[in-house]
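Notes for the one structure printed next.
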Amino acid sequence: MYHLLVWDFDGTLADSMPAGLGIYNRLAPELGIRPIADPAAARGMTTRQFLRHHRIRFWRLPRLVRRFQAAAAADADKLRLFPGLPEVLADLRGRGVRHGILSSNSEGNIRRCLAANGVEGLFDFVVGCPKLFGKGRALRRLLRAEGIDRRQVLYVGDEVRDLEGARRAGVSAAAVTWGFHAEHVLRAAGPEYVVTDPRGLLAAATAARATG
């Protein structure tokens, strides 16, 4: 059994894709980037493919993230977790599994959503990581801070960059298919687990690779 599950937030825990799409397309003209006209096609691109296709230069990413987080704050407490996840979170917590969040969203936005959904008390920490490709380093810092063996940690995300970050940190990854990236894109990235239903996370979290 894994001792700690570290979760991505948008698209993994929170059903934020419709709101996020609206925010992105409102910001696109201001930031000089291409809007998302075909969400299904966007889901079939890796993160780097998406950035190239939508003409998002790396130097523009910090501003895009800041503007996105500011816009998302207005409705953070209106977001809902994906159906079935609150029960899974509570079930795993009852088995002694700890939860934390590492996300590109801001800590304040995330905590407002968790509180509105009545699950904030299930999480030991919430960490905002504004660098889209900085999750590997952030995960390594978390492991040191928590004093936990990386073999006991499972990162749960919905994007290829989440899986890449987990790999850089040396932790296992579970890809959920109800978020941004399509299932075939996630499978091509080679996560340890691909989860198509929230209850499937129970099997992943109690898998034999983890120690203890």
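None of the figures in this text is laboratory data; all of them are computed from the coordinates on show. As the structure is a prediction and not an experimental result, all values here were calculated from the model. Glycine also receives a Cβ, built like all others from the backbone with ideal geometry; neighbour counts cover every protein chain displayed.
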Between 0 and 90°, nearest 10: helix 17-31 axis offset from the chain longest Cα axis | 40 degrees
Would you please classify the overall shape of the range 82-206 from the alpha carbon gyration tensor, given that a ≥ b ≥ c denote the square roots of the eigenvalues, rounded means a/c under 1.5, and beyond that prolate means a/b larger than b/c while oblate covers the rest?
-> rounded
Residue separation times 0.36 nm, minus the C-alpha to C-alpha distance between Leu21 and Arg144: what's the value?
-> 40.8 nm
Give, as ranges by residue number, the residues of the range 12-35 whose backbone N falls under 19 Å from the point 7 Å along Cα→Cβ of Gln49.
-> 34-35
Using alpha-carbon coordinates alone, the radius of gyration and Dmax of the chain in Å work out to 16.3, 51
Determine the dipole magnitude for the chain: charges of +1 sit on the beta-carbon of Lys and Arg, -1 on that of Asp and Glu, nothing else is charged, the reference point is the Cα centre, and the result goes in debye to the nearest 20.
-> 980 debye
Have a look at Leu79, Thr196, Gly22 and report the one farthest towards the positive end of the charge dipole of the chain, computed about the Cα centre with Cβ charges (Lys/Arg +1, Asp/Glu -1).
-> Gly22
Between Glu87 and Ala73, what length in nm is gained on full extension when 0.36 nm per residue of separation is reduced by their alpha carbon distance?
-> 2.5 nm
